[in-house]
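Right, one structure below, let's go through it.
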Amino acid sequence: MLALLSSGSNAQGQLASGSFEDSNIFQRCSFEGYPSGTLPTGTCRILNVAAGSNHTIILLELADANQNHFREIWGCGDGRKGQLGLQPQASSNGLTRLEVFKRIELPLDRLGLHEYIFKAVASTWETSYIVLVHKGPGVSDVIVTMGSNDFGDLGVEEGSSAHAKTRFTDGIYIPQIHFFASRISTAATIAIDHISTGQRHIVAHLSISHNNALTRKILIGWGTSRHGQLGNPSSPQSKPPAFFRLPKEISGLQLEDVPYLSSLGIHHSVFLHSSGRISTLGSDRKGQLQAGLITKHAQQIACTWNGTYVVTQNDGGWSVSSSGSNSHGQLGRGNEAGDNLVGDIPFAGVDTKATKIQLAAGSEHVLALIVQDELIENQPRSEVWAWGWNEHGNLGLGHTADVSVPARIWPPKDDGDWGDIQGIWGGCGTSWLSCEVEK
């Protein structure tokens, strides 16, 4: 069976641990209506964990007794801005917060979306995003947004007729992205292939099809843009606006092929192309774009608030390069590693030829899932390593000191009945593991 574990900042209950206290060790998350520390009955996979400043939403895949699969969204933490899409009960101190996960019930019928199912979730600081896909072919995907709109996070224009049309019910909004397809044909449809979020800006990867044939792939974005993280103005004399409230097509990447993956910090955006090259936009004040100068062999990208991490693969195995702020050792190359410099992160004792790696970046810390190519008898195939900012115990090591080089954080030293790791995620001072357990 699966378990979801979390560690780190928890002032608003965003760890779903049943308390409002930070945790410097990984604890099992709890779900309303189920025994403490257990997932909802029938959970097959944890598809994603999206953590904002003080709230968390997750996407689960479940199966009923007849093995019919379906998906649910659960949320916890701070819901005062509507980022949980519901009205949590107020606690004794008057705050609206949930210390365990509660199922988010979206009014899909009233939104005219009853034929849609959940596809993906994401979060910015105080806003949540849910991508929906139609059950049948030939219908465009939809994104719904809920929460704060302080920096255009919702993707709608407040105080206008467009805003009135996109706000349907219960504080839920639907950014109008269909016009990107209507430029090609009124019959064209949109698939949202990928969505990524930074602290206050959003990028969505769209595939536009007409007559069941792919016509064009584009990137759109909205939210904060002062540093050019959503593309540069057409005129060199112009400055980017502070933020875009409505989705816009992203320019300025000098595209040879459209990126298929993106990762965002506070003031920068990084894009990975199928060719293995990288494109970057936004601020380089901390040297956070320098790792993006890698021109080939890139396999993965990840961004902290002010850093960039790139996994490359060649005949010698994999390696991870980093650049950006190192104020909390988050570059993973020791405290002496300075800003603005690119370098490889050391993984002591790890055979990079015999393992695979997957990164997950939090606000200013990084998790790495390292998986053995071959099964070792009576040993889990997977380990989790981590480094960086640890003020809230978000590295799960039992202390709150920052860690400047990768340290193994999972399995714990006592091992116990833990099995292989199925997923890792990083949030704002939080870390998340999906793990197989005996019971």
Considering region 380-400 alone, what residues qualify as being crowded, with 24+ Cβ neighbours inside 10 Å, without any contact (Cβ under 8 Å) to a residue 60 or more places away in the chain and more than 14 Å from P412 (Cβ to Cβ)?
W387
Qualifying positions in region 125-153 - touching a residue at least 60 places away in the same chain (Cβ under 8 Å) and in contact with a Pro (Cβ under 8 Å, 6 or more places away or on another chain):
I143
Are there any pairs, at least 6 apart or on different chains, whose C-beta atoms fall under 7 Å, with the first in region 1-28 and without any contact (Cβ under 8 Å) to a residue 12 or more places away in the chain and the second of a type outside the set (F, W, Y) and surrounded by 24 or more Cβ atoms within 10 Å (Cβ to Cβ), and if so, which?
E21/N10
Residues I190, I195: which one is farther than 30 Å from D284 by Cα and at pLDDT 95 or above?
I190
Restricting to region 279-316, name every residue that is surrounded by 23 or more Cβ atoms within 10 Å (Cβ to Cβ), assigned to a strand (DSSP E or B), on the phi < 0 side of the Ramachandran plot and not hydroxyl-bearing (S, T, Y).
L281, I301, A302, C303, G307, V310
Go over the candidates S7, S17 one by one and state the one that is in contact with a Phe, Trp or Tyr (Cβ under 8 Å, 6 or more places away or on another chain) and surrounded by 21 or more Cβ atoms within 10 Å (Cβ to Cβ).
S7
Answer residue from region 174-199, given it is out of contact with any strand residue (DSSP E or B) (no Cβ under 8 Å at 6 or more places or on another chain) and part of a loop (DSSP other than H, G, I, E, B) and is nearest to S225 (Cα to Cα) among those:
R183
Which numbered condition N212 fails, given (1) surrounded by fewer than 22 Cβ atoms within 10 Å (Cβ to Cβ); (2) on the phi < 0 side of the Ramachandran plot:
(2)
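The values are calculated or read from the model by the stated rules, or taken from the named source; none is laboratory data. Small disclaimer: the values here were computed from a predicted structure and weren't measured. Every residue, glycine as well, gets a Cβ built from its backbone with ideal geometry; the counts of neighbours run over all protein chains shown.
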